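A.B. asks: First, the structure itself, so that you have it in front of you.
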Amino acid sequence: MSPAKQELIKVVKDLSEDESRITLRFAEWLREQRDELTEKELAMLRRGERQIRNGDFVWWRDIRRTHV
């Protein structure tokens, strides 16, 4: 098994139930996209990964719409 997959398993073990569901949905989506991501999409994905690593994200459940 590759070092990246070993590290992924460690990270997943430490996730909460909600985080696990989100990660699973993303992993399933990513698997469906095999070889279909453009360079621009890959760059966006990498940027998002950096933002998550830096804690720059908001949980969907925390978003509140007050005005339409």
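A.B. asks: Select from segment 1-19 the residues that are open to solvent by less than 80 Å² (accessible area, probe 1.4 Å), outside any loop (DSSP other than H, G, I, E, B) and closer than 18 Å to Asp62 by Cβ and list them in ascending order.
C.D. replies: Correct list: Asp18, Glu19.
A.B. asks: While we're here: Across segment 25-41, which residue is modelled with the lowest pLDDT among those that are open to solvent by less than 100 Å² (accessible area, probe 1.4 Å) and part of a helix (DSSP H, G or I)?
C.D. replies: Leu30
A.B. asks: Could you tell me how many of the residues in segment 42-68 are farther than 19 Å from Lys5 by Cβ, under 14 Å from the mean Cα position of the chain (by Cα) and either of a type in the set (Asp, Glu) or not in a helix (DSSP H, G or I) (or both)?
C.D. replies: Total satisfying the criteria: 6.
A.B. asks: If you don't mind, there's one more thing I want to ask. Return the total of residues in segment 58-68 being open to solvent by 90 Å² or more (accessible area, probe 1.4 Å) and over 15 Å from Asp18 (Cα atoms).
C.D. replies: Residues in segment 58-68 being open to solvent by 90 Å² or more (accessible area, probe 1.4 Å) and over 15 Å from Asp18 (Cα atoms): 5 in total.
The values are calculated or read from the model by the stated rules, or taken from the named source; none is laboratory data. Nothing here was measured: the structure is a model prediction, and the numbers come from that model. Glycine gets a Cβ as well: all are built from the backbone with ideal geometry, and neighbour counts include every protein chain shown. SASA here: full protein model, heavy atoms, side chains in, ligands and nucleic acids out. Shrake-Rupley method; radii C 1.70, N 1.55, O 1.52, S 1.80 Å.
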